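Comments concern the structure below.
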Amino acid sequence: MEELTSLIGNVGFPIAVSVYLLVRIEQKLSELTRSIFELSRVIELERGKA
């Protein structure tokens, strides 16, 4: 918590919020990428059955 307070004090609130959002978006993009690869794999398996 002290690091967050220090970050806000040193670089400002907008930059701290931007960094936080970028980290969250990166995690969501990783999950989305994983889901897309899994969906592609399932589609290929289904095509092989038909």
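Read-outs: derived from the displayed coordinates by stated rules, not from any lab. What you are looking at is a predicted structure, and each value in this text was computed from that prediction instead of being measured.
Work out how much length L39 to V11 would gain on full extension: take 0.36 nm times their residue separation and subtract the Cα-Cα distance, in nm to one decimal.
6.0 nm
Rounding to the nearest 10 and keeping the result within 0 to 90°, find how far the Cα-based axis of helix 2-11 lies from the longest principal axis of the chain.
Taking Cα atoms only, the helix is inclined about 80 degrees.
Per the Debye formula with a single identical scatterer at each Cα and no solvent contribution, what log10 I(q)/I(0) holds for the chain at q = 0.21, 0.26, 0.29 Å⁻¹?
-0.76, -0.89, -0.97
Using each residue's phi in the range 18-34, evaluate 6.51 cos²θ - 1.76 cosθ + 1.60 at θ = phi - 60° and report the 3J(HN,Hα) Karplus result to the nearest Hz, with x for Gly and Pro.
Computed from phi, the couplings for the range 18-34 are 4, 4, 4, 5, 4, 5, 5, 5, 4, 5, 5, 5, 5, 5, 5, 4, 4 Hz.
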